[in-house]
Amino acid sequence: MATTVSLPPKISLSTLNGRHHKPALMFYLAIVIGHWAEHVVQAVQVYVWGWPLSEARGVLGIPFPWLVTSEWMHYGYALIMLVGLIMLRKGFAGRSRTWWNISLGIQAWHHLEHLLLLLQKLSGLYLMGKPAPTSLLQLVLPRMELHLFYNALVFVPMVVAMLLHRSSEHGAGASCTCAVAPRS
């Protein structure tokens, strides 16, 4: 007698931005907050606890120091952020989509900065003769502060988009079931 195995239904972009939009957003938000928290912890280690920058590696960087210096890991995260913003975009409508698009635009630039850093690391040719891979805005801002700033700049409009999206007023026209039901 043959046993049949039932596989979970395939998740497409339409279901990701439809009935699965809310759990996908929550999963994505958890990834974003976890990464941003690493940058905040690193800043606390430097500015509050007085650690030298070389020792301030966030939470995961303490047991895994290579995480802080891996251009591949940073580029991979920037790419995941960009892909997530693109994939979840169709679930938004109205003003919430405008805010999501702002976050997407900022992340597109942030991704290009990480691509530039990765290409420098791979080629050994550093921007403007610097001793290490350097992004464009890093020419005027230190790297730790710049990436804390970038992550905040992407995070804030993303959260505004999510909050607007969940309200029945701004969620109207969205293809998902995230919006809160109107109050009676």
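Nothing in this text is a laboratory measurement; each read-out follows from the coordinates by a stated rule. Because the structure is predicted, anything quoted here is derived from the model rather than measured. FYI the Cβ positions are ideal-geometry reconstructions off the backbone, even for glycines, and counts take in every protein chain you see.
Figures for the structure shown
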| read-out | value |
| --- | --- |
| Straight-distance crosslink candidates among aspartates and glutamates, where the alpha carbon sits under 18 Å from residue 90 and sequence neighbours closer than 8 are dropped | 169 |
| Exposure proxy ranking, count of Cβ atoms within 10 Å, fewest first, for 144, 26, 158, 73 | 26, 73, 144, 158 |
| Per-residue HN-Hα couplings for the range 80-85 [Karplus 6.51, -1.76, 1.60; θ = phi - 60°; Hz; x = Gly/Pro] | 4, 4, 5, 4, x, 5 |
| Using alpha-carbon coordinates, inclination of helix 94-123 to the longest axis of the chain, degrees | 40 |
| Calculated FRET efficiency for the pair residue 167/residue 127, C-beta based, R₀ 41 Å, to 0.05 | 0.40 |
| C-alpha long axis of helix 143-166 to longest principal axis of the chain, angle in ° | 10 |
